[in-house]
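Taking it in order: structure first as structure tokens, then the write-up.
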Amino acid sequence: MKRNFPELRLVCKALNELVEPKVFSTLIMQFDKDGAEKWRGIPDFLSSLASRTSPYVRWAKELQVTQLIPDRYLKGVHHIAARFDQWQTADSEREKMFASQHQLLAPAIESLAQVERVGFLVSPIQPYHIALSASAKLPRLKLLGIIFQTLGRADLPFDGFSNLTAISILDSLRLTPSCVPLLHALTSFTLSGDSAYVPANFWKALQDSGICILDLKVGPLTQPIIDYLSSYSGLRDFNLDSSGRDPEDVENIMHEFFHSVLRMHRSSMKALAFRNTKPGSWVITKSYLELVSQCKNLESLNLVYHFPFEEDNGPPTITLPDLFGKVSDDLPKLQTLKLAHTRKHERVLNSMSLRDGEEFIRPISESFALQIIGPESHFSSKREPQFLLRAAGCSFSPALLRSEPGCGHYRFDRDESGDEALFPSINSDEGFY
């Protein structure tokens, strides 16, 4: 529907006034040398922003910056220069576009006084400092997202930023305690990649500054992060996204998280998720579920579930009926439960191609889905389950089998309309090995 908004603007003045804020809500700035030569209009477009005549000045809430032209002096010097400079073979055109970027980029960004969210996709050889410094002057800016396309690590200058409430960055950026005083308003922090590279004194500086993050996505968990999270209360959303290597003391980290961190935040926690963790790590157990169930305000819960087969070292750490019954009884506000089933076949999968890996896990996902709807997974609950279940790329809804005084017996039925493409791929966070 949004792609038709420009045409709707031409229908009449009243309709234009209605759709114009949506048409110009997101602005993408990119110095991309496309084949259609749309780039030739970039200087005039930047001029319209700098002169505050563009409707984006009035309506833009989100800004995305990418494909900046690197400095002339860096051309050919950096080992990835060719990858991030599309203008190396067009000297006259490059000079014109680089001059436009140098002169107009900052005033163009500074004109966007209504922008609340800024995202960067840049490389260290591009003059991102200009765009960052200009963004720091936006009076309504709350959320900053940065992805650096680099094999190394780059510094992120937070100078000038004062009211950021949310930051989302890739771990190729270097975070230090010196930037913490500029993050006094921070409440949401996403660190994609390997948080082990963040120095311990950064988390200690957050703690000493009294900065209480309410929404945190990070991975893997390290002792400095545990210490920081245990120093305050009020965390609402925690997402462990650990696609890399777990720390050597992961068992101790898990124990401290469930016993110390959850205890500090159990009254405020609304969403708790464990994603992309390696087989054997962060698998839910009866004892850990007991601690999770004390978070009475949880609305969303993603768990790693050990789904063994006959020769896979023993029974599951908790049966599905026990898990479903506990969640239904103790988490009255829960709306969504997601289970990522895991088996200890990581070495096998690492030796397979993506296609062979998908063929390997498909029947396991099918088997897990069938077990969920099978009689062995029927469960009892003191209250009617209010949550939907997502597992093995499928959606499931609770259904009543029979009622008894003070108790009901339930099963899960598969909801065909909510299924992903039959079963998940090898990269899905709803099943891994």
Requested in this report: Quick one: count up the residues across the stretch 128-159 that are open to solvent by less than 50 Å² (accessible area, probe 1.4 Å), part of a loop (DSSP other than H, G, I, E, B) and modelled with pLDDT under 85.
Outcome: 5
Query raised in the report: Looking at (1) of a type outside the set (A, V, I, L, M); (2) modelled with pLDDT of 95 or more; (3) farther than 27 Å from LEU206 by Cβ; (4) open to solvent by less than 60 Å² (accessible area, probe 1.4 Å), which is the only condition HIS306 fails?
Result: (2)
Requested in this report: Name the one entry in ALA205, ALA196, ALA185, ALA200 that is over 26 Å from ASN297 (Cα atoms) and surrounded by fewer than 17 Cβ atoms within 10 Å (Cβ to Cβ).
Outcome: ALA200
Requested in this report: Any residue in the stretch 375-400 that's free of Cβ contacts under 8 Å to residues at least 12 places away in the same chain: show its pairings with residues that are surrounded by 22 or more Cβ atoms within 10 Å (Cβ to Cβ) and in a loop (DSSP other than H, G, I, E, B) at Cβ separation under 6 Å, as long as the two are six or more apart or on different chains.
Outcome: none
**Report entry** Selection status of GLU251, without any contact (Cβ under 8 Å) to a residue 12 or more places away in the chain, open to solvent by 20 Å² or more (accessible area, probe 1.4 Å) and closer than 25 Å to GLU290 by Cα
**Finding:** yes
Query - LEU164 vs. criteria touching a helix residue (DSSP H, G or I) at 6+ places or on another chain (Cβ under 7 Å), within 23 Å of GLU256 (Cβ to Cβ) and either among the charged types (D, E, K, R) or not in a helix (DSSP H, G or I) (or both) - result: no
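Based on what the data block shows, is ALA131 touching a residue at least 60 places away in the same chain (Cβ under 8 Å) and in contact with a strand residue (DSSP E or B) (Cβ under 6 Å, 6 or more places away or on another chain)?
On the way: touching a residue at least 60 places away in the same chain (Cβ under 8 Å): yes; in contact with a strand residue (DSSP E or B) (Cβ under 6 Å, 6 or more places away or on another chain): yes.
Considered against the rule, which asks whether it is touching a residue at least 60 places away in the same chain (Cβ under 8 Å) and in contact with a strand residue (DSSP E or B) (Cβ under 6 Å, 6 or more places away or on another chain), ALA131 comes out as yes.
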Report task. Report, ordered by the first and then the second residue, all pairs with beta carbons closer than 9 Å, sequence separation of six or more or different chains, a first member in the stretch 57-75 that is modelled with pLDDT of 95 or more and in a loop (DSSP other than H, G, I, E, B), and a second member that is of a type in the set (Ser, Thr, Tyr) and surrounded by fewer than 24 Cβ atoms within 10 Å (Cβ to Cβ). Result -> ALA60/SER25; ALA60/THR26; ALA60/SER54; LYS61/SER25; LYS61/THR26
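I'm checking my understanding of the structure. Among residues of the stretch 27-43 that are touching a helix residue (DSSP H, G or I) at 6+ places or on another chain (Cβ under 9 Å) and not in a loop (DSSP other than H, G, I, E, B), which one is farthest from SER100 (Cα to Cα)?
Pass one, the stretch 27-43, residues touching a helix residue (DSSP H, G or I) at 6+ places or on another chain (Cβ under 9 Å): 27, 29-33, 39-40, 42-43.
With the extra rule that they be not in a loop (DSSP other than H, G, I, E, B), the set shrinks to 27, 29-30, 39-40, 42-43.
Details: LEU27: 18, MET29: 13, GLN30: 12, TRP39: 11, ARG40: 11, ILE42: 8, PRO43: 6 Å.
Step by step, filter the stretch 27-43, then rank; the result is LEU27.
Quick check on my filter: what residues within the stretch 264-280 are at pLDDT 95 or above and hydroxyl-bearing (Ser, Thr, Tyr)?
Residues satisfying the conditions are SER267, SER268.
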**Report entry** Which numbered condition GLN88 misses (of (1) in a loop (DSSP other than H, G, I, E, B); (2) open to solvent by 10 Å² or more (accessible area, probe 1.4 Å); (3) in contact with a helix residue (DSSP H, G or I) (Cβ under 8 Å, 6 or more places away or on another chain); (4) modelled with pLDDT of 90 or more)
**Finding:** (4)
Report task. Could you please find all residues in the stretch 99-118 being more than 29 Å from the chain's Cα centre (by Cα) and surrounded by fewer than 19 Cβ atoms within 10 Å (Cβ to Cβ)? Result -> ALA99, HIS102, GLN103, PRO107
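Has the stretch 225-245 got at least one residue that is basic (Lys, Arg) and within 21 Å of ILE167 (Cα to Cα)? Before you say what the answer is, go through the steps one by one.
Step one: of the stretch 225-245, the residues basic (Lys, Arg) are 236, 245.
Subsequent filtering for residues that are within 21 Å of ILE167 (Cα to Cα) retains 236.
Looking through the stretch 225-245, at least one residue is basic (Lys, Arg) and within 21 Å of ILE167 (Cα to Cα).
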Query - Cβ-Cβ under 8 Å pairs, at least 6 apart or on other chains, the stretch 228-239 side over 12 Å from LEU206 (Cα atoms), far side open to solvent by 40 Å² or more (accessible area, probe 1.4 Å) and hydroxyl-bearing (Ser, Thr, Tyr) - result: SER233/SER267
Requested in this report: Output the number of residues of the stretch 211-241 satisfying the condition of being touching an Asp or Glu at 6+ places or on another chain (Cβ under 8 Å), of a type in the set (Val, Ile, Thr) and buried (at least 22 other Cβ atoms within 10 Å of the Cβ).
Outcome: 1
Query raised in the report: Is there any pair linking a residue in the stretch 280-302 that is open to solvent by less than 20 Å² (accessible area, probe 1.4 Å) to one that is part of a helix (DSSP H, G or I) and at pLDDT 90 or above, with Cβ under 6 Å and at least six apart or on different chains, and which?
Result: LEU289/LYS326; SER293/LYS326; SER293/ASP330
Report task. Take the stretch 385-413 and flag every residue that is within 17 Å of LEU323 (Cβ to Cβ) and open to solvent by 70 Å² or more (accessible area, probe 1.4 Å). Result -> GLN386, LEU388, ARG411
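The values are calculated or read from the model by the stated rules, or taken from the named source; none is laboratory data. Since we're looking at a predicted model, the values are computed, not measured. Don't worry about glycine lacking a Cβ; one is built from the backbone with ideal geometry, like all the others, and counts go over all protein chains shown. All accessible areas refer to the heavy atoms of the entire protein, side chains included, with ligands and DNA or RNA removed. Shrake-Rupley method; radii C 1.70, N 1.55, O 1.52, S 1.80 Å.
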